[in-house]
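Have a look at the structure below, then the notes.
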Amino acid sequence: MEHKSIDELTALVQISAANFPSYSQSGSQPVPAAAAVHKDAPKEPMETVEDTTSVAHLDLVRLVERVHRRYLDLFRLDLGRLGVDDLSPSQVLMLFTIGNDELSVRDLIDRGYYLGSNASYNLKRLVETGYVDRNASERDRRSARIRLSDKGRKLCEDVRKLDESYQRLVARTSQEARELEIAFKTLRRLEQAWTSTLRYGETQPL
């Protein structure tokens, strides 16, 4: 079901008010001229989601998977140009998941939707190569806190600079920039829908 913004709903209310004026003081309801002229005209069938949807949800999911794999291939070449041969593309992306924050390992797993075993292996590698600092929590010595080291922050900056060329490639015009923003919002909506389904055990429309 299509969800309209507040502005769209407000516009619909204003249009309805213009076409259907208020009741008169006598209590009778005036009939709009357009309705009077076409009252006997056959009604057009309502457009359903099935009529307007040309892309299936599964098709989009499969595309996301392929795009992710293709980007990892491209990113691996970019890391080679940067002289980074001690990390995999997935491990570098984990640096961006950590960002400027100081996190617990559990926070990192939740934020990146990682499997525990994979996260532990990749995090160990990032610590060993000096891209991440790992310290015991002051509150709980059994709980480690992680954050980017200077080396890790520099790599993130280098990747961002390299990524600017891809930004120009996929957003060459203002229209393409708007389409890129729409794509981002659509993917975020998918993420929210899937998270809601996992959390509540049923599909909930957004």
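The values are calculated or read from the model by the stated rules, or taken from the named source; none is laboratory data. In this text the structure is predicted, and so the values were computed from the model without any measurement. Note that we place each Cβ from the backbone using ideal geometry, even for glycine, and neighbour counts take in every protein chain shown.
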field: Boolean, LEU79 is more than 30 Å from ARG139 (Cα to Cα), buried (at least 16 other Cβ atoms within 10 Å of the Cβ) and not basic (Lys, Arg)
entry: yes
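Residue by residue, here is whether (1) loosely packed, with under 13 Cβ neighbours inside 10 Å; (2) assigned by TED's automatic domain parsing to the domain that holds TYR114; (3) at pLDDT below 95; (4) among the small types (Gly, Ala, Ser) holds:
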{"position": "GLY130", "(1), (2), (3), (4)": "yes, yes, no, yes"}
{"position": "GLU138", "(1), (2), (3), (4)": "yes, yes, yes, no"}
{"position": "ARG141", "(1), (2), (3), (4)": "yes, yes, yes, no"}
{"position": "ARG147", "(1), (2), (3), (4)": "no, yes, no, no"}
{"position": "ARG153", "(1), (2), (3), (4)": "no, yes, no, no"}
{"position": "ASP158", "(1), (2), (3), (4)": "no, yes, no, no"}
{"position": "LEU162", "(1), (2), (3), (4)": "no, yes, yes, no"}
{"position": "SER165", "(1), (2), (3), (4)": "yes, yes, yes, yes"}
- request: Those residues that are polar (S, T, N, Q) and surrounded by 15 or more Cβ atoms within 10 Å (Cβ to Cβ), I need them from region 91-102; list them, please.
  value: GLN91, THR97
query: Are any of the residues in region 69-91 within 17 Å of TYR131 (Cα to Cα), modelled with pLDDT of 95 or more, touching a Gly at 6+ places or on another chain (Cβ under 8 Å) and in a helix (DSSP H, G or I)?
result: no
- prompt: Before we move on, is SER117 assigned to a helix (DSSP H, G or I), polar (S, T, N, Q), assigned by TED's automatic domain parsing to the domain that holds THR97 and at pLDDT below 95?
  reply: yes
- request: List the number of the failed condition for ILE182; all other conditions in (1) over 15 Å from LEU60 (Cα atoms); (2) loosely packed, with under 11 Cβ neighbours inside 10 Å; (3) at pLDDT 95 or above; (4) under 17 Å from the mean Cα position of the chain (by Cα) hold.
  value: (1)
- line: Only one of (1) more than 21 Å from PHE184 (Cβ to Cβ); (2) in contact with a helix residue (DSSP H, G or I) (Cβ under 9 Å, 6 or more places away or on another chain); (3) touching a residue at least 12 places away in the same chain (Cβ under 8 Å) does not apply to GLU102, and that is (2)
